Structure formats: structure tokens, C-alpha cells
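Asker: First the structure, which I've put down as C-alpha cells, then a few questions once you've had a look.
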Amino acid sequence: MSHHLVELRSVSHVYPDGSVALRDVSIRVTHGECVAIIGANGAGKSTLLLHLNGCLAASSGEVRVGDFPLTRKTLTQVRRTVGMVFQNPDDQLFMPTVLDDVAFGPLNLGLPQADAEQRSRAALERVGAWHLRDKPPYLLSGGEKKRVAIATVLSMAPDILVMDEPTSGLDPVARRQLMALVSEFQHTRILASHDLDMVLALCERTVVLHEGRVAADGASRDIFRDDALLARCRLEKPLAMQGCPVCGVVRLLPRSGAA
Amino acid sequence: MHMADALLSPAVGGTLWAVSAAGIAYCARKVRDDLDERKVPLMGVLGAFLFAAQMINFSIPGTGSSGHLGGGLLLAILLGPHAAFLTVASVLVVQALFFADGGLLALGCNIFNLGFLPAFVAYPLVYRRIAGARPGPLRLSVATIVAAVVGLQLGAFGVVVETVASGISSLPFSTFVLFMQPVHLAIGIVEGFVTAAIVAFVHRARPELLDALPASAGARPLRALLLAFLAAAAVTGGVLSWFASKNPDGLEWSIARVTGADALPAPEQGVHAALAALQERIAVLPDYAFRKSAEAASIATGDEAGDDQESRLGSSVSGIVGGSVALVLAFLIGFLLKWRVRAASGGGGSRR
Amino acid sequence: MASIDSIAENLRHLDEFARADTVVHRLDPRAKVVVTLAFVVIVASFDRYTVAALMPFAVFPIALAVLGGLPAGYLAKNVALAIPFALLIGLFNPFFDREVVFHLGSLPVTAGWISCASIAVRAVLTLGAALVLVALTGFPAVCAALEGLGMPRVFAAQMQFLHRYLFVLVDDAARSTRALALRSGGNAPRPTTVASLLGLLLLRTWQRAERIHLAMLARAYQGELHSRETWRFAAAEVAFVIGWVSLFCILRYYDLTRLLGTLVARVLP
Ligand SMILES: Nc1ncnc2c1ncn2[C@@H]1O[C@H](COP(=O)(O)OP(=O)(O)OP(=O)(O)O)[C@@H](O)[C@H]1O
Ligand SMILES: [Mg+2]
């Protein structure tokens, strides 16, 4: 299933005001992987994700989804393949009610009304938000908005799931639910996040961005053990890898460190 | 400065509805055909911005009153006249529906005064002329302020003309003009300054937004459009008001036309005869003496002022009594309905 | 206009009312829009000295409000808030139209006062009807109805966005003005301050619009907003429209109030 492949080849991006957000970024994500993109504020995570479904066009370099470069012609197909959950759910929910919003994507794909509703229901149930279906989006709490935003993407049955800050603003239980949901998802997943514990729990692989460049790309555990790298990129170890301030026990020992 | 339903006659309100609806249809087609559909969400969200922005008042120095952003000109500068017109129109629809600001019949007038005049008159004929192709900051500000003042003056004048043409208010034209224009001059200047400051702000922060506008948005096609609109308004308005003056009632005329009851040359006798016959047939009380409210009008115009004083008093009193009784009845019906609704839903518990 | 917070509050209330489920809510929005428009036009078609004959028309907003479970206080408050401009202009009438029409006891009543009263009554009726329409239908449905009645699709889509982001932006503006008020020590803000506040709000809004558009594209948006709801113009709607419009026509041509007045006069000695 090579169409679940995502690749960036020396992508750079310059915003119209001249700020350079990505410099020569190359990443290759293969089918079924769960990859985290981490980095300080302004490192370029959101910018990178927006390239994956053609929301932003690279100033130079190439984006490939499946076996094809992302161009005007392939754009529609790519957008069906890549489901994107945005950082701010308010930007993603624009229809009068939750159910309308979740059905928006399927209806745009040309599904008949009944199928669209069926899919929307499944997606809403999956994120535990079916009971919110008739509410208008602006009456939802932040976490509810986030869950509905995820449902809007799930209802389109994407092959690749891209999420920007999926756990921000969620309460602990909702965060756990979200993590379970992401780990159940069979296909390729790419997450940008500051929630390093989630990254550690879900993603085998992590890409560290620093000032628009790839500072590191490798197994999450290795990256989180590299104190110098983390310090340079304004990051920290996940709490699970830090000593407990009360009893001094490290809950999650790095695997290779124990050998 | 929203025009209100209560001051409007159907002929004037209808004319401006027609003009505004034509404008919306034309601009919607234009936006769909010429511009990328990216503008639709942008226009919607900027409409929400305008709505929110209009709630923020600023004090008008030296008058003790306060004003708020009109926005028609600002949006025309940012989006071009077509998109700006649609956006202002949508804001006015929301204001009419949500806050009953103005009302539904007056919607056409308000869209014309606050949307059409700034976007299709003040913007191309004043702002564009002064600003030229690549304006510097000073030129930009001067153009904005002058255009804002002109736009608001035109809008205020529009309110005067529409009100006087409707004839519901008794304010004489000259008095009303002398009342409205100076007030809106002060407001217009301050609004112009605020608009200019915002434009300058955007110009500094994101110059590409202002440059993105096609320069062709000026001159010729707009003038043609403007003339077309004016012609349409003149024709509709003329036709409607001709009938309105022949027969004070635009509605009666249109009903007569629909039912085909009469030929045009003598609408009065035909309509009235038909209606009188109809009334005769469905009259409940044979001696029901006061059929036409138009009688009340003739009282006041003084044509038949020398008429029977007694019967006039009688009709007035019976009017007052009848009106109150009708109002009470309306409320009574309301209470009855409420009681039934309560009973039906089992003690007024709300269902979801 | 009232304070920005109370407006935001008001918007939410309206939306809440619109989400109830009553006989009136279940009607096809097109029917309600058509009847309300007919109501407004017919009320406006009376000549300027009509007062009494307008009274029976109150039955329309009242009946709908009651059937739709709309609180009377809410309606009264909002009509009162919206009335001032019409009333202001109406109050000039007594000064220009001074002919005495009749005496009420010893009080002379001039034509100007009558037409002023007429303006007030019209304002209450038309504003009340518009408010009732939205409160019992909901803005998106009213938009859909207008689209069904021929409003261009671009305009309908745009109004839908406007409605959706109204809440977000009103909150945003409210936060900004609150922050401004907290730092301006009770003085009314100066135009320059307001201008920069508005400029920032505008740029934030613009960016938001760009993000929204991206989010829509990401979900296969191709320039059309599909609506899920399919209303049906069934027998109930036809009855609703015909019933009300014929009542309006009867009330227009057949002055019920005089009839009532005469009746009362007969009954009383
Ligand atoms: N629309 C824009 N115009 C200009 N510069 C921008 C724009 N969006 C982002 N930038 C700049 O690009 C850089 C990368 O921004 P980006 O949003 O990708 O960061 P991020 O890693 O997602 O940060 P955060 O963790 O805060 O979400 C930042 O320096 C930012 O200032
Ligand atoms: Mg980000």
C-alpha cells in the first residue's frame, strides 16, 4: 500500500512577510508508522504539517504523497488521502451543527446523504461525541471541539492522519481516550505536539525541528535520552523519563540504558 | 442611521428591495465568476468582524456623542466593491433579523444606503480617484477620510429621501436634511479617521492584502453598473410611485393587478368598486359604516374637513375602542394558546 | 446599541430559542419567511394615520411567540431596544402636522400625534415579527429558506460563515474591549486607540479566514456548502401560509376594529 507513503524532499518555506519557517527539510514516512514532530514554539511544526496536504506550497523542494509529487492535479486526491486535524478546532468547525460539520467532508466526497450520516455517526461515536450532534460548535467546550474536529476528519476515512497538537486543551481522561484512538488507527499517523509523554507513549519515531531545520530524526527513546539535543532545541525529557521528585524513581527506564 | 420599517411605504421599501436584490444577485455572480472561492469564507468572517467592530464605540470629540465603524468603505478598500457590497449586505441582514435593527422592509434601503453608496459610489468615484494607482500613506489617508465622509453623507441623504418619499413621517424635506447632514458630517469625519488608521495599519502589517486587489476594479465597468442601477431604481421607483400617487395604496394596486380586476388608466374606480362589492358581500353587519381606513386619511388631509364633526368623533372613538379591544383579543388568544401548549406538554416541562 | 457583552448574551439566547422543538419550529422555514414578509408589507401598506386598524395584526407575533414558547419579556426587551430611531423621527410629526382631528375629553388630538402613534405601532409590529421569525426558526434555517426563495448561493454561504464566526468574533472583540477598558481608567477610548484595536482584530480575523479556508479545502471543499437538512413544504406549510396571509388580507380590507368598536357601542348603553 505505497499510497500511504509521505515524503518531503528538501522542502523550504518562506512566508509572504519574509520569515523563513522551513529550511531544507527532508523526511520520509512509510506505511503504518506513527511519527511525532516536536520542537519549540515557532520551530515550524504547523508549517510542516500544512505542506502535507497542499494547504501550503513549498517555496522550494518537493512533497510526495503516495508515489506522486503533490501538484495541482493530484491535490484533490491527496486531500482525500490525508486527513488533517488543525491546531485550533474553531477554524475547523464552521457548519451550524456538529453533525452538519462532520457530514461536510463525506458530502463533499459525493457520498449520498444516508451514507454520509452513517459515517458521521460512526466517527462521532468513535470520539465519544455522538450526544453533541445537534449542538452548534460555538457552544462546545475546548475539549469537545477538539474531539468533534477529529471526528470531522475520521468521517472522511483518510489513509493518513495528520494532527497538530491533538492533546492540547484536553482533560486527562479525554487525553487518554484520544491516545487510545490514535493508537487504534491502522494507517500512517503524523502528530505535532508539545505533549512529550504522549509522543513517548504513541510514536516509535520522532523528528525534532529547530528553527525550521530537522535537528534530529530517529527512535523516540534515543532522542529523549540526548540531553544536549533537547537542551539545544528548547525541549525536555518526558515526565515519565524524569526522576520522580518525591521518591526519585524513574518510571520508564530507557530500554537500551538498562542493558 | 438604520432606516426603519415604520417610516417606510411599501412602494419605497419595495423599490429599494428590488434594487438591492439585483445588486446582490449581480455581485454574487461576479464573485463566483471572477474571484476565487477563497473569498467566500473570507467575506463571511469579515462580515462577522464588521458586526463585532460595530459594537465598539468611540467618542466623537466635541460632541459628547459616540460613533462606530460603518465599514462599507473599509471593506471596499480591502476586498473590492463587489465583495464589500455582499459583505455589508449580509451584516445588515443579520442585524435586521437578530436585532430587528431597521426591520425587514427597510432592509433594501439599508443595504442601499450603507452598502451600495459607499462601495459603488464613494469607493470608485472618490477613493480611487484620490488614491490613484500606488498611493503613499498620506494620500491613502486623505482618500479614505474624504470617501468616508462622502459615503456617510450620501447614506444620510438616502435616509432623508426614502423617509420623505414614503410620507409616513411629516418631517419636511428641508428640516430633515438640515438635521441629518451636519450630524453625519461629524460622525463621518471621525469614522473616516478611524477607517484611515485601520487601512494604514493593514498597509504596514500586510501590504500584500491591499496590493492583491486588481487595479481594474476602478473606472469603467463600475460606472456602467452604477448607471444601470440608477436607471433601474428610477424606473421601478417611478412606476411604483406613479401608481402609489394615483392610488395611495401600492398594495391595492398590486392586488388589483394580480386579480386582473382592472385596466391601468382608471385604477381607482375599478379597484374600489370591486373591493366595495366584495365587502358588501362578506359584510357581517349590514350597517357597518366604516369600511375604509382611507377615510381617516381624508380627515387629516383636510379635503373634506368641513364634514360632519359628529360622525368624525364617533368614528375616532369607535376606532380607539375597537383598537383596544382588538389588542386585548390578540393577547387573549395568546394566553389561550399558551394555556393549551402548557396543558399539552404536561405542566410546561420543556422537552428536548 | 447595548453593551457588547449583553449583545453576545442576546445572540446566544436567540440561538437557544431556535433550537427548541415546537409546532412552529417544525414548520418549513420558507413558509415562515414568506408569511413574515407578507405581514411586514401589509402592515407598511396602511396609510400614515392608521392606528386602530393595525392593532389586530398583533395577533400574528403573539400567537407565534406563544406557540413557539418564546418568553414575552425577551421579546418586549428586544423590541424596546430596537425602536428608538423610528420613534425619534416619529416624534417630529406632532410638530409639523398640527391639525386637530378630534377631542378626547378636553384633550385635543392632532393628526401629528395620530401618525406618531401609527409609527410606534408599526415599529412594534414589524420588529416583533422579525424577531419572532428568527427566534423560532434559527438563522441558518432562515438563510436556507431565503436561498430556497432565490437568494444567490454565494450570499447564502457567506451568511452562514458570518453567523458561525459571529460568536467567535464577538467574544474576541469583547475580550479586547475589556482589556482596553481595564487599562484606560474609565475614560471613553479615543478613536486612535480604537482604530489600532480594530486593525489588530481585522488582521487576526483575516488570518483566521485563511485557516478556515485551508481546513475546508482539507475536507474536499469545492465551492459548495452541502446542507444536510431537507425541509418539506407539506400540507401544514400550505395551510400556514394561506391561513395567515388570508387573515392579513381580511384585516387589511376589512377594519375589524371599527366593527368591534361599533359592537361595543351597541352593547353598552
Ligand atoms: N502566516 C504567517 N506569516 C508569517 N510568518 C508566519 C506565519 N505563520 C507562521 N509564521 C512564522 O513561521 C514560524 C513557524 O511557525 P509555526 O506555526 O509553524 O510554528 P509551530 O512550531 O507550529 O509553533 P507552535 O508550537 O507555537 O504551534 C514562526 O517563526 C512564525 O512566526
Ligand atoms: Mg503550531
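The values are calculated or read from the model by the stated rules, or taken from the named source; none is laboratory data. In this text the structure is predicted, and so the values were computed from the model without any measurement. Reconstructed Cβ throughout: ideal geometry from the backbone, glycine too, with neighbour counts over all protein chains shown. These accessible areas exclude ligands, DNA and RNA; they are computed on the full protein's heavy atoms, side chains included. Shrake-Rupley method; radii C 1.70, N 1.55, O 1.52, S 1.80 Å.
Asker: Check off (1) of a type in the set (A, V, I, L, M, F, W, C); (2) free of Cβ contacts under 8 Å to residues at least 40 places away in the same chain; (3) more than 7 Å from chain C (Cβ to nearest Cβ) for A:Leu107 and give me the number that stays unchecked.
Answerer: Failing condition for A:Leu107: (3).
Asker: Another question, if that's okay. Check region A:118-128 and report whether any residue there is touching a Lys or Arg at 6+ places or on another chain (Cβ under 9 Å), surrounded by fewer than 17 Cβ atoms within 10 Å (Cβ to Cβ) and either more than 26 Å from A:Gln242 (Cα to Cα) or at pLDDT 90 or above (or both). Walk me through how you get there before you give the answer.
Answerer: As a first pass, look at region A:118-128 and keep what is touching a Lys or Arg at 6+ places or on another chain (Cβ under 9 Å): A:120-121, A:124, A:127-128.
Those still in the list that are surrounded by fewer than 17 Cβ atoms within 10 Å (Cβ to Cβ) too: A:128.
Narrowing further to those that are either more than 26 Å from A:Gln242 (Cα to Cα) or at pLDDT 90 or above (or both): A:128.
Within region A:118-128 (the criterion being touching a Lys or Arg at 6+ places or on another chain (Cβ under 9 Å), surrounded by fewer than 17 Cβ atoms within 10 Å (Cβ to Cβ) and either more than 26 Å from A:Gln242 (Cα to Cα) or at pLDDT 90 or above (or both)), the answer is yes, since at least one residue qualifies.
Asker: Given A:Arg213, A:Arg225, A:Arg234, which one is more than 16 Å from ligand 1 (Cβ to nearest atom), touching a residue at least 12 places away in the same chain (Cβ under 8 Å) and open to solvent by 20 Å² or more (accessible area, probe 1.4 Å)? First the steps, then the outcome.
Answerer: Values: A:Arg213 fails: more than 16 Å from ligand 1 (Cβ to nearest atom); A:Arg234 fails: more than 16 Å from ligand 1 (Cβ to nearest atom).
Of the residues listed, the single one that is more than 16 Å from ligand 1 (Cβ to nearest atom), touching a residue at least 12 places away in the same chain (Cβ under 8 Å) and open to solvent by 20 Å² or more (accessible area, probe 1.4 Å) is A:Arg225.
Asker: Now for a separate question. Across region A:1-16, which residue is nearest to ligand 1 (Cβ to nearest atom) among those that are closer than 23 Å to C:Ile212 by Cα and surrounded by fewer than 22 Cβ atoms within 10 Å (Cβ to Cβ)? Before you say what the answer is, go through the steps one by one.
Answerer: First, the residues of region A:1-16 that are closer than 23 Å to C:Ile212 by Cα: A:13-16.
Adding the requirement that they be surrounded by fewer than 22 Cβ atoms within 10 Å (Cβ to Cβ) leaves A:14-16.
On the way: A:Val14: 9, A:Tyr15: 3, A:Pro16: 7 Å.
Result: A:Tyr15.
Asker: Does A:Ser59 qualify as being farther than 17 Å from A:Pro166 by Cβ, of a type in the set (Ser, Thr, Tyr) and within 13 Å of ligand 1 (Cβ to nearest atom)? Outline the logic, then answer.
Answerer: Working: farther than 17 Å from A:Pro166 by Cβ: yes; of a type in the set (Ser, Thr, Tyr): yes; within 13 Å of ligand 1 (Cβ to nearest atom): yes.
When the stated conditions are applied, A:Ser59 passes them.
Asker: Hey, another quick one. Here is a check on your reading of the model: is A:Leu191 crowded, with 18+ Cβ neighbours inside 10 Å, among the hydrophobic types (A, V, I, L, M, F, W, C) and within 16 Å of ligand 2 (Cβ to nearest atom)?
Answerer: On the way: crowded, with 18+ Cβ neighbours inside 10 Å: yes; among the hydrophobic types (A, V, I, L, M, F, W, C): yes; within 16 Å of ligand 2 (Cβ to nearest atom): yes.
Answer is yes for this residue.
Asker: If you don't mind, another one. Pick from C:Val101, C:Val154, C:Val124: which is buried (at least 20 other Cβ atoms within 10 Å of the Cβ), part of a helix (DSSP H, G or I), over 22 Å from the mean Cα position of the chain (by Cα) and not aromatic (Phe, Trp, Tyr)? Spell out how you get there, then give the answer.
Answerer: Numbers: C:Val101 fails: part of a helix (DSSP H, G or I); C:Val124 fails: over 22 Å from the mean Cα position of the chain (by Cα).
Only one candidate qualifies: C:Val154.
Asker: Of all residues in region B:1-22, which are touching a Ser or Thr at 6+ places or on another chain (Cβ under 6 Å), facing chain C (nearest Cβ under 7 Å) and assigned to a helix (DSSP H, G or I)? Steps first, please.
Answerer: Going residue by residue through region B:1-22, those that are touching a Ser or Thr at 6+ places or on another chain (Cβ under 6 Å) are B:5, B:7-12, B:15, B:18.
Right, trim to facing chain C (nearest Cβ under 7 Å) and you get B:5, B:7-10.
Matches in region B:1-22: B:Asp5, B:Leu7, B:Pro10.
Asker: Quick check on region A:61-88: of everything there that is open to solvent by 30 Å² or more (accessible area, probe 1.4 Å) and within 13 Å of ligand 2 (Cβ to nearest atom), which residue is nearest to the chain's Cα centre (by Cα)?
Answerer: A:Gln87
Asker: So which residues in region C:219-263 are over 30 Å from B:Gly44 (Cβ atoms), modelled with pLDDT under 80 and open to solvent by 40 Å² or more (accessible area, probe 1.4 Å)?
Answerer: Hits for region C:219-263 are C:Leu256, C:Leu263.
Asker: I'd like the full set of residues that are within 15 Å of ligand 2 (Cβ to nearest atom) and either on the phi < 0 side of the Ramachandran plot or among the β-branched types (Val, Ile, Thr) (or both), limited to region A:197-211.
Answerer: Quick first cut of region A:197-211, residues within 15 Å of ligand 2 (Cβ to nearest atom) only: A:199, A:207-211.
A:Val199, A:Val207, A:Val208, A:Leu209, A:His210 - these are the residues of region A:197-211 that are within 15 Å of ligand 2 (Cβ to nearest atom) and either on the phi < 0 side of the Ramachandran plot or among the β-branched types (Val, Ile, Thr) (or both).
Asker: Those residues that are assigned to a loop (DSSP other than H, G, I, E, B) and modelled with pLDDT of 90 or more, I need them from region A:185-218; list them, please.
Answerer: Matches in region A:185-218: A:Ser193, A:His194, A:Asp195, A:Cys203, A:Glu204, A:Glu211, A:Gly212.
Asker: Exactly one of these conditions fails for A:Ser19: (1) within 13 Å of chain C (Cβ to nearest Cβ); (2) open to solvent by 30 Å² or more (accessible area, probe 1.4 Å); (3) within 16 Å of ligand 2 (Cβ to nearest atom). Give me its number.
Answerer: Unmet for A:Ser19, out of (1) within 13 Å of chain C (Cβ to nearest Cβ); (2) open to solvent by 30 Å² or more (accessible area, probe 1.4 Å); (3) within 16 Å of ligand 2 (Cβ to nearest atom): (1).
Asker: Given the conditions (1) facing chain B (nearest Cβ under 7 Å); (2) farther than 28 Å from C:Val245 by Cβ; (3) out of contact with any Pro (no Cβ under 9 Å at 6 or more places or on another chain), report the number of the one that C:Ile119 does not fulfil.
Answerer: (2)
Asker: Could you list, in sequence order, the residues of region A:28-60 that are among the β-branched types (Val, Ile, Thr), away from ligand 2 (no atom under 13 Å from the Cβ) and surrounded by 19 or more Cβ atoms within 10 Å (Cβ to Cβ)? Reasoning before the result, please.
Answerer: Taking region A:28-60 first, the residues among the β-branched types (Val, Ile, Thr) are A:29-30, A:35, A:37-38, A:47.
From the residues that got through so far, the ones that are away from ligand 2 (no atom under 13 Å from the Cβ) too are A:29-30, A:35.
Across region A:28-60, the qualifying residues are A:Val29, A:Val35.
Asker: Separate question: Against the condition closer than 30 Å to C:Ala144 by Cβ, buried (at least 17 other Cβ atoms within 10 Å of the Cβ) and within 16 Å of ligand 1 (Cβ to nearest atom), how does A:Phe104 come out, does it pass? Outline the logic, then answer.
Answerer: Details: closer than 30 Å to C:Ala144 by Cβ: yes; buried (at least 17 other Cβ atoms within 10 Å of the Cβ): yes; within 16 Å of ligand 1 (Cβ to nearest atom): no.
The answer is no for A:Phe104.
Asker: Let me ask something else about it. Taking only region C:139-151 into account, find how many residues are part of a helix (DSSP H, G or I) and under 19 Å from the mean Cα position of the chain (by Cα). Don't jump to the end; show me each part of the working.
Answerer: Taking region C:139-151 as the starting set, the residues that turn out to be part of a helix (DSSP H, G or I) are C:139-148.
Retained after the next criterion (residues that are under 19 Å from the mean Cα position of the chain (by Cα)): C:139-147.
Summing the residues that are part of a helix (DSSP H, G or I) and under 19 Å from the mean Cα position of the chain (by Cα) in region C:139-151 gives 9.
Asker: Being of a type outside the set (A, V, I, L, M, F, W, C), touching a helix residue (DSSP H, G or I) at 6+ places or on another chain (Cβ under 7 Å) and within 16 Å of ligand 2 (Cβ to nearest atom), is that true of even one residue in region A:94-109? Full working, then the answer.
Answerer: So the first thing to find is which residues in region A:94-109 are of a type outside the set (A, V, I, L, M, F, W, C), and the list is A:96-97, A:100-101, A:105-106, A:108.
Narrowing the set further to residues that are touching a helix residue (DSSP H, G or I) at 6+ places or on another chain (Cβ under 7 Å) leaves A:96, A:101, A:105-106.
From what is left, the residues that are within 16 Å of ligand 2 (Cβ to nearest atom) are none.
Checked region A:94-109: no residue is of a type outside the set (A, V, I, L, M, F, W, C), touching a helix residue (DSSP H, G or I) at 6+ places or on another chain (Cβ under 7 Å) and within 16 Å of ligand 2 (Cβ to nearest atom).
Asker: List the residue pairs whose Cβ atoms are under 6 Å apart, where the first residue sits in region C:244-256 and is in contact (Cβ under 8 Å) with a residue 12 or more places away in the chain and assigned to a helix (DSSP H, G or I), the second is of a type in the set (Phe, Trp, Tyr) and open to solvent by 40 Å² or more (accessible area, probe 1.4 Å), and the two are 6 or more positions apart or on different chains.
Answerer: Filtered contacts from region C:244-256: no entries.
Asker: For A:Leu75, are the conditions met, namely being within 9 Å of another protein chain (Cβ to nearest Cβ), away from ligand 1 (no atom under 12 Å from the Cβ) and touching a residue at least 40 places away in the same chain (Cβ under 8 Å)? Steps first, please.
Answerer: Working: within 9 Å of another protein chain (Cβ to nearest Cβ): yes; away from ligand 1 (no atom under 12 Å from the Cβ): yes; touching a residue at least 40 places away in the same chain (Cβ under 8 Å): no.
Spelling it out, it is not the case that A:Leu75 is within 9 Å of another protein chain (Cβ to nearest Cβ), away from ligand 1 (no atom under 12 Å from the Cβ) and touching a residue at least 40 places away in the same chain (Cβ under 8 Å).
Asker: Output the residues belonging to region A:161-186 that are more than 16 Å from ligand 2 (Cβ to nearest atom) and within 14 Å of chain C (Cβ to nearest Cβ).
Answerer: A:Leu161
Asker: Pull out all pairs, ordered by first then second residue, where Cβ-Cβ is under 7 Å, the residues are six or more apart or on different chains, the first lies in region C:206-220 and is free of Cβ contacts under 8 Å to residues at least 24 places away in the same chain and outside the structural domain of C:Ala157 (by TED's automatic domain parsing), and the second is within 12 Å of ligand 1 (Cβ to nearest atom) and polar (S, T, N, Q).
Answerer: Taking only residues 6 or more apart or on different chains, not a single pair turns up.
Asker: Out of region A:199-210, which residues are touching a residue at least 40 places away in the same chain (Cβ under 8 Å) and away from ligand 1 (no atom under 13 Å from the Cβ)?
Answerer: Keep residues of region A:199-210 that are touching a residue at least 40 places away in the same chain (Cβ under 8 Å), which gives A:199-200, A:202-210.
Within region A:199-210, A:Val199, A:Leu200, A:Leu202, A:Cys203, A:Glu204, A:Arg205, A:Thr206 meet the criteria.
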